[in-house]
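The values are calculated or read from the model by the stated rules, or taken from the named source; none is laboratory data. What you see is a predicted model; the values in this text were computed from it and never measured. Quick reminder, even Gly has a Cβ in these numbers, built from the backbone with ideal geometry, and neighbours come from all protein chains shown.
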Amino acid sequence: MRFRSHSPIIFVTAMVVLLAFGAGIANAKIFGTKPLVISAATDGSSANGDSGQPVISGDNRVSKYIAFYSDASNIAAGDGNGVRDVFVWTRPRGRSGQTLNRVGVGGALTIASVASNGAQANGPSERPNLDGSMKSSPKCVAFQSQATNLNASDATPDWDIYVRNLRTKKTYLASAGVSGDATRPSLNGKCTEVVYEAGGSVYRAKSKGWALGAGAKKRSSRVAAGSQIRISLEGTSIGWVAPNGAVKWKTAGRRARTVGRGTTPWVSDKDRKAGWGITFQSGNTVLSRKITRKLKLATRARITGAVFGGSTVYVPNRGIINYAKGKSFYYFNANTGNSDDLAHANTDITEMGIGARGTMMVFAAGGGDQDFIDTAPFQGPPFIDPNSPPTIAPIVRVPPPVRYNSIYVKVLPTKGCGSGC
């Protein structure tokens, strides 16, 4: 369903307020391709564990990679470490990669949370982030891990930030020498810098970090007190949350400024005419703000009762945003006021990602309605109820299917999707 001028959207000066949708929306027609599961088992059956925290690489229209964590042990060959891993899915080339219309569509799914010698992590890994920009093809995935065998400089089981170069197959420790658990990495588009939080502060570091072991030079620099830092694809702007809940934004050569109060900020690249953009969760509202070239603030969108799921590089001039309301997933364009249904799942959607141009979407959910292209739900083995009365033939009861959270991807049409394409 596409909401237009007659939709429940009220336009205010430089502001869009998206009101709650009516009942029965779960039966609405979705926009773009059907959601396709990519966290399936190697034989095409369902994964045997939950998957989540999906992200898309920032490379222009291509969106070559998707990364996510999974507790499953049957979605990639050779996964035998028994802990949560980070996986990278490579989008198939050609027509199949554009339509994404069947399970087993192609591409490749690999374990990314491994050492340079290929050894699997001996501790859990999660919160992946990918590079890539409008001018740079992706090649790296950053993640946090408690493993102690991914780099010679890390022998303690606290959380650390690693960057895996998918081309060279090298894994670097970026957070060595920083006290406290290092979490929530964010890469710039060229994979030259990674930002993260640790010990109540936010840091910037070279992506190769301590590549040579304990004798290498420390390369992290503290930005400020705070958490949830994120860097723009072009690498010139950062956003984070201060200890008092204020959302901070800073670009090269400028002082940090407060743009609101909230969590999970996403920072856009600079638009030559419109300036910068930052979008974040503010209570139960998704708030998107533009910072003009003269550093004036303007609200691009305010979406109430929603969970923020990511924004594109077009926030300053188009306000392209992903969000969810309960079990439904949406795409929003602040310029047109259109809000399009992307998926309606069987469980609440809280983890989402969006491509740099808004032409590819990813989310985590426990399955969906008839619009989903999915594998069969995981079925537990039959069992005998010990409380059943004795009979000649034992009573066999089958437990209900176990529906694990899976990762779904979809693409928008190249025609008919407005300025987002």
Kindly check whether there is at least one residue in region 180-192 that is more than 26 Å from Pro54 (Cβ to Cβ) and either in contact with a Leu (Cβ under 8 Å, 6 or more places away or on another chain) or at pLDDT 95 or above (or both). no
So Ala298, is it of a type in the set (A, V, I, L, M) and either on the phi > 0 side of the Ramachandran plot or surrounded by fewer than 17 Cβ atoms within 10 Å (Cβ to Cβ) (or both): yes
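Can we say Ala356 is outside any loop (DSSP other than H, G, I, E, B) and either out of contact with any Asp or Glu (no Cβ under 6 Å at 6 or more places or on another chain) or not basic (Lys, Arg) (or both)?
Numbers: outside any loop (DSSP other than H, G, I, E, B): no; either out of contact with any Asp or Glu (no Cβ under 6 Å at 6 or more places or on another chain) or not basic (Lys, Arg) (or both): yes.
Taking the combined requirement at face value, the residue does not satisfy it.
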Of the residues Arg318, Arg293, which is of a type in the set (D, E, K, R), modelled with pLDDT under 95 and under 30 Å from Asp371 (Cα atoms)? Arg318
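Within region 116-136, work out how many residues are under 22 Å from Ser57 (Cβ atoms) and not hydroxyl-bearing (Ser, Thr, Tyr). Don't jump to the end; show me each part of the working.
We begin by selecting, within region 116-136, every residue under 22 Å from Ser57 (Cβ atoms); these are 116, 121, 125-136.
This time we only want the ones that are not hydroxyl-bearing (Ser, Thr, Tyr), so: 121, 126-132, 134-135.
Matching residues across region 116-136 total 10.
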On the given criteria, is Thr279 surrounded by fewer than 16 Cβ atoms within 10 Å (Cβ to Cβ), assigned to a strand (DSSP E or B) and either small (Gly, Ala, Ser) or modelled with pLDDT of 95 or more (or both)? no
Per the filter on region 325-348, residues of a type in the set (Phe, Trp, Tyr) and farther than 20 Å from Asp374 by Cα are Tyr331, Phe332
Given the condition out of contact with any Ser or Thr (no Cβ under 7 Å at 6 or more places or on another chain), among the polar types (S, T, N, Q) and not in a loop (DSSP other than H, G, I, E, B), answer yes or no: does some residue in region 302-309 qualify? no
Taking the options Ser70, Ser63, Ser45, Ser96, name whichever one is polar (S, T, N, Q) and modelled with pLDDT of 95 or more. Ser70
Every residue from region 168-192 that is over 21 Å from the mean Cα position of the chain (by Cα), part of a loop (DSSP other than H, G, I, E, B) and within 19 Å of Ala67 (Cα to Cα): Thr168, Lys169
Quick check on this structure: which one of Glu126, Glu197 is over 22 Å from Ser70 (Cα atoms) and modelled with pLDDT of 95 or more? Glu197
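Filter region 38-57 for residues that are within 11 Å of the chain's Cα centre (by Cα) and crowded, with 20+ Cβ neighbours inside 10 Å; which is farthest from Ile407 (Cα to Cα)? Explain how you work it out, then say what you get.
First, the residues of region 38-57 that are within 11 Å of the chain's Cα centre (by Cα): 52-57.
So of that shortlist, the ones also crowded, with 20+ Cβ neighbours inside 10 Å come out as 52, 54-57.
Details: Gly52: 7, Pro54: 7, Val55: 10, Ile56: 12, Ser57: 15 Å.
Here the residue is Ser57.
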Apart from one, (1) hydrophobic (A, V, I, L, M, F, W, C); (2) in a strand (DSSP E or B); (3) within 30 Å of Asp348 (Cβ to Cβ) all hold for Val313; the odd one out is (2)
